[in-house]
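Laboratory data are not the source of any read-out in this text; all were calculated from the coordinates shown. The shown structure was predicted, so the numbers you read here are calculated from the model rather than taken from an experiment. Here the Cβ positions follow ideal geometry from the backbone for every residue, glycine too, while neighbour counts run over all protein chains shown.
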């Protein structure tokens, strides 16, 4: 947009990016294999799908523990504290403002990478949907050794949550195109640097801190 | 480009990130290591079930200290079966006494119901030749292990004779030639005596042929009854039966049907063949009648999903993909068409598989080869409809049906041959009936069903109203022989599939791949399609409004 200056911010550290793309890969593979196990299509064969699904699922579960540890230690968990402030502004922006050339009501900063709507969505995903999926997945994997556990309710929740995750993935992918250019958000998640409108004064230390030229 | 330069982190922070990544992956790997390690081990090691089974049959050589041809008692000119048995009993003093206690002799076994005896000679019926009529039906008794029906002595050689010898005919000939001094006849008589002697001295533990003489041909012919037992198992190859195969383990029946005092493990009526499923690891004196006995409850390679199945799925379900793989087996028998005549004479017609599809004396048959079993929950027991039980002729009567449910810890999903029948029943008393078939007064001679029922029910002392009709019935046989090589066992997809699952009829469990919750899939579809529609509309909106930006 003419007349507005752009600035580069280092939003996502190498670890975060690596984690994001690893998790993306794992989740997508879990979806592909999981829905084959669910009987929606035949791709790699039921037994291969089951084995892959179990392997990736366990790997994800293990690595997620380290991500959670990282969140706590670094204090990055604070990025997920939900807030209603500006929540409705953001909602209104996506429902109306975006079609009318308005500015996004919230700018990203390294201290606040997620807008209030994202915070709520990601909190829901990370704190609810993913743990539910992991717990039911683990129960699904272990139910035979647990004794007295019925598979039906586990499968009910696990499958339902899987559909909701596909729903999330579609919207998530679409939302990446709503940056100042179609791919600016994706570029940010690949390089760590995101180009944003310089509407918010970013403190010198934030931009300079990692700038080693 | 400044921003790409910016990507270069300091050595310190790059190292830190690297360390984190490494720690993450190593730790995650360690978490799943037990699984991964066992998968790797399993690839090299033999599955537990194979290892144990090989140990169980390692010393398979039977040895004996008796050469029966050197026994003086057996070097005599026998003129009757009972004489032979007396000779046997002169050493094996208690054998006959033991044997007469067993169901092989009595053809009866107490039922759970008051005053009811199961067994061919009891109140049990089937949908083949229906009843043994308390052994009055002489056609059936040819399989009884005595020399002369139920009178007299046990015929030890039926099970222990290596040679199949026509004793009955030979003794009849000897009786006819007795006292004749024609030198030619004397020579013939000598030959006959020698033949008998050789057969009597040729003693063995029961071989497949001994048991098969009756059990391969139950129901009146090869492969009629069981579906997994027919004459093809006398000399099977590995593809047909890995255990009994001559080029495989070459088991005799008694390798699994272990025997105590002539009681042979494996009888199935209202009580299971084995009270408990135990491997020889848990109890080295356990009978070997279950697969678990030698293969254990975790027979597959470690950490494979198949081992999780063994608490609910019988080994046979996957390892016997089809039965009657060499010889055809009878699948249905319709008594209601019996009695038709051609030119006033009974006749028979042969079908595609070289087996009779119609016999005047028996009615219509269907036969099949390579039959896919039907699957039911099965705890080792059957529910039987006997001659004294009430039936509902409006429905298909399950004359014999497996018992078990998903919640029964002893029950497994097990394969069965279901033989369909249409057989006579008493219209007034609403009970199955037991027509007498063989003999001069039996249906096979008189072709009068009503008279045959009157005579047959009399043998069992069961009243008959005088009015009969035909009712559809089923009879279930557990499929347990004809275990195929491992590579021929079922793929997951044979059962874990939406359509045409082999286990489509199994209820009470959730099976991934087969089952779904309609509501979950509906909500899921709405969520996915809704999201797609939403983002498409939103995207189109942005496209057409050019994001509200002016050109």
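At 222 nm, what value in deg cm²/dmol follows for the protein assembly as shown if DSSP H runs of at least 4 each add -39500 (n - 2.57) and the sum is divided by all its residues, to the nearest 500? Counting only the DSSP helices, I get -12000 deg cm²/dmol. Judged by the ratio a/c of the largest to the smallest principal axis of the C-alpha gyration tensor, chain A counts as prolate, that ratio being 1.5 or greater while a/b is larger than b/c. For segment B:148-233, the convex hull spanned by the alpha carbon atoms encloses 122 Å³ per residue.
The alpha-carbon positions of segment B:489-551 define a convex hull whose volume is 116 Å³ per residue. Largest first, the three principal axis extents of the alpha carbons in segment A:71-173 are 57, 34, 21 Å in whole numbers.
Angle of helix B:449-460 to the longest C-alpha principal axis of chain B, folded into 0 to 90 degrees and rounded to 10: 90°. Dimensions of chain B along the principal axes, based on C-alpha atoms and rounded to the nearest Å, stand at 127, 61, 45, largest first. Dimensions of segment B:442-518 along the principal axes, based on C-alpha atoms and rounded to the nearest Å, stand at 55, 38, 21, largest first. Report the FRET efficiency, 1/(1 + (r/R0)^6), for residue B:260 and residue B:77, where r is their Cβ-Cβ distance and R0 is 51 Å, rounded to 0.05. FRET efficiency, residue B:260 to residue B:77: 0.90.
Could you tell me whether segment A:4-51 comes out rounded, prolate or oblate from its Cα gyration tensor? Rule is a ≥ b ≥ c as square roots of the eigenvalues, rounded for a/c under 1.5, then prolate if a/b exceeds b/c, otherwise oblate. Judged from the Cα gyration tensor, segment A:4-51 comes out prolate (a/c at least 1.5, a/b above b/c).
Hey, if you drop one equal point scatterer on each alpha-carbon of segment B:351-457 and run the Debye formula without solvent, what base-10 log of I(q)/I(0) do you get at q = 0.21, 0.22 Å⁻¹? After summing over all Cα pairs, the log10 values are -1.16, -1.18. Find the Rg to Rh ratio for segment A:89-146, where Rh is the Kirkwood radius over alpha-carbon pairs and Rg uses the same atoms. In segment A:89-146, Rg relative to Rh is 1.29. Can you tell me how segment B:71-146 classifies by the Cα gyration tensor, rounded, prolate or oblate, using a/c under 1.5 as the rounded cut? Oblate, since a/c reaches 1.5 and b/c is not below a/b.
Against the main long axis of the alpha-carbon atoms of chain A, helix A:130-146 sits at an angle near 10°.
Subtracting the Cα-Cα distance of residue B:169 and residue B:517 from their residue separation scaled by 0.36 nm leaves 118.5 nm.
Give the distance, in whole Å, between the Cα centre of segment B:474-493 and the Cα centre of segment B:214-238. That distance is 16 Å.
For chain A, find the longest principal axis of its Cα atoms and tell me its angle to the long axis of helix A:151-175, 0 to 90°, nearest 10. Between helix and principal axis, roughly 20 degrees. The Cα center of segment B:507-524 and the Cα center of segment B:306-371 differ in position by 36 Å. Here the label points at residue A:182 and residue B:467, each 7 Å from Cα along the C-beta direction, are separated by 8.4 nm in the simple model. In whole angstrom, the protein assembly as shown maps to an equivalent ellipsoid with semi-axes of 77, 31, 19, each derived as √(5λ) from the alpha carbon gyration tensor and ordered largest first. Between residue B:509 and residue A:142, the simple label model (points 7 Å from Cα in the Cβ direction) yields a spacing of 2.2 nm. The distance between label points at residue B:90 and residue A:86 comes to 11.1 nm (points 7 Å beyond Cα on the Cα→Cβ vector).
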